[in-house]
1. Which of the residues belonging to region 243-265 are surrounded by fewer than 14 Cβ atoms within 10 Å (Cβ to Cβ) and among the small types (Gly, Ala, Ser)?
2. When region 370-397 is examined, which residues are found to be farther than 13 Å from Tyr25 by Cα and more than 16 Å from the chain's Cα centre (by Cα)?
3. Hey, Ile200 hits all of (1) without any contact (Cβ under 8 Å) to a residue 60 or more places away in the chain; (2) in a strand (DSSP E or B); (3) farther than 23 Å from Ala153 by Cβ but one; which does it fall short on?
4. Of the residues Gly310, Gly338, which is of a type in the set (Gly, Ala, Ser), modelled with pLDDT under 95 and surrounded by fewer than 14 Cβ atoms within 10 Å (Cβ to Cβ)?
5. If Lys93 satisfies all but one of (1) out of contact with any strand residue (DSSP E or B) (no Cβ under 8 Å at 6 or more places or on another chain); (2) surrounded by fewer than 20 Cβ atoms within 10 Å (Cβ to Cβ); (3) at pLDDT 80 or above; (4) within 28 Å of Leu69 (Cα to Cα), what's the number of the condition it fails?
6. What are the residues in region 364-404 that are among the hydrophobic types (A, V, I, L, M, F, W, C), within 20 Å of Val234 (Cα to Cα) and in contact with a Leu (Cβ under 8 Å, 6 or more places away or on another chain), if any?
7. Which of the helices (runs of 4 or more DSSP H) contained wholly in region 1-65 include at least 1 residues that are among the hydrophobic types (A, V, I, L, M, F, W, C) and under 15 Å from the mean Cα position of the chain (by Cα)?
8. Quick one: how many residues across region 383-404 are of a type outside the set (Gly, Ala, Ser) and not in a helix (DSSP H, G or I)?
Amino acid sequence: MKIKTIDLFAGCGGLMDGFEQTNLYTTLGCVEWEKVPCENLIKRLSDKWGYKDAKSRVLRFDIRRTDELLFGWSNDVLYGNSKGLDKLLENSKLDMVIGGPPCQAYSIAGRIRDANNMKTDYRNFLFESYIKVVEHYKPKAFVFENVPGILSAKPNDTFIINEIKEKFEMAGYVLLDNLKEAVIDFSDYGVPQNRKRIIILGLNKVEYPNAKEMLVDFYKIILPKYKSDKKSTVAQAIGDLPKLYPLNNINKIEKYSHTLSKEPIANHIPRWHSQRDIEIFKLLAKDIEQKNYKYTSTTELKKLYTEKTGKVSNIHKYHVLRWDKPSNLIPAHLYKDGLRHIHPDSEQARTITVREAARLQGFPDDYIFIGSQMEQFKMIGNAVPPLFSKKLALAIYDLLFKKS
């Protein structure tokens, strides 16, 4: 009997996909309010995981309208009609809730950029809807994923993490006492990227009277067993993909500047780059290849940006991936530009493709992304790496379900 889960704030399904890869879990439903991620979820559940009713398992809806999500809604201009989660889960006892609210309101970078320190952002309190769903179904456990910045976020001038912990406990769940110990470095688990996230596992105190001891074991012993021996590198992740070279004559009208791959690898299509940017990428990558390292300091990179563009930036815009190291963070705003994710091969002189971003996020090549290139980059940056979530799912199975 497989372990029954639902995924809230599912995005394109990175967290769900890792759980499915174990062949130990079954996805009863996914909740996501953006159209294109929902289309990707339906395609993945159907094409890869064989759910013939994938379309009905993906609920496109605003989770803040929690009662309607649970009991159904009708004639909504944006979301149409649905019988809701209760009908979807009818006659099925839910074992786990997984997912994590959008992290932008909690991220330190987001707070720095926002004039109000993100205090007025509605996303600060989306966790309340997550808790309502957990409280309604009372599963054995839940997984709540977010950025480490949630530990220091204070939208109401008090630490939001204390409120989150208190409300989960009121709902009947036990969390790790010191949630700083729940911050996980995904690169320790084979993800070829420097990415840290907080993974909060909550246990139903009725189901598990010794939950506190179990959680300590989980974070200190069980999950770390799945760490990799060595950190994966950019070369290991994307080094075998077909090379995409600059064209002699850039097509400004049709917006392509590089050759396309003749090999059938989905989503491996380069962005359009101007001749100026191609020259900058070549210069920066060659600087590292030749071990000159002139442009590795923030000062020199900001200076180069001003020289080439005539603009001034408070932060340096450029970063070349290193073949022999994990990638820097793959963010959602990669869809806006790729200047901080420049391919390390100077001959290719470009930023990374969607497929390369997906590999650095631990997505398998058989995950075929649909939607515009911008939407694909955004979904990947928002996702939990399936390479990690598979190991997380296995560790949770070891803790809660293996003996039974």
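1. Of everything in region 243-265, nothing turns out to be surrounded by fewer than 14 Cβ atoms within 10 Å (Cβ to Cβ) and among the small types (Gly, Ala, Ser).
2. If the condition is that a residue be farther than 13 Å from Tyr25 by Cα and more than 16 Å from the chain's Cα centre (by Cα), then Ile370, Gly371, Ser372, Gln373 are the ones that fit.
3. For Ile200, the exception is condition (3).
4. Testing whether each residue is of a type in the set (Gly, Ala, Ser), modelled with pLDDT under 95 and surrounded by fewer than 14 Cβ atoms within 10 Å (Cβ to Cβ) leaves just Gly310.
5. Among (1) out of contact with any strand residue (DSSP E or B) (no Cβ under 8 Å at 6 or more places or on another chain); (2) surrounded by fewer than 20 Cβ atoms within 10 Å (Cβ to Cβ); (3) at pLDDT 80 or above; (4) within 28 Å of Leu69 (Cα to Cα), the lone unmet condition for Lys93 is (1).
6. Of everything in region 364-404, those that are among the hydrophobic types (A, V, I, L, M, F, W, C), within 20 Å of Val234 (Cα to Cα) and in contact with a Leu (Cβ under 8 Å, 6 or more places away or on another chain) turn out to be Phe377, Ile380, Ala383, Val384.
7. 14-21, 35-47
8. Total meeting the criteria: 4.
The values are calculated or read from the model by the stated rules, or taken from the named source; none is laboratory data. Keep in mind that this is a model prediction, so the values were computed, not measured. Note: ideal-geometry Cβ built from the backbone for every residue, glycine included; neighbour counts use all protein chains shown.
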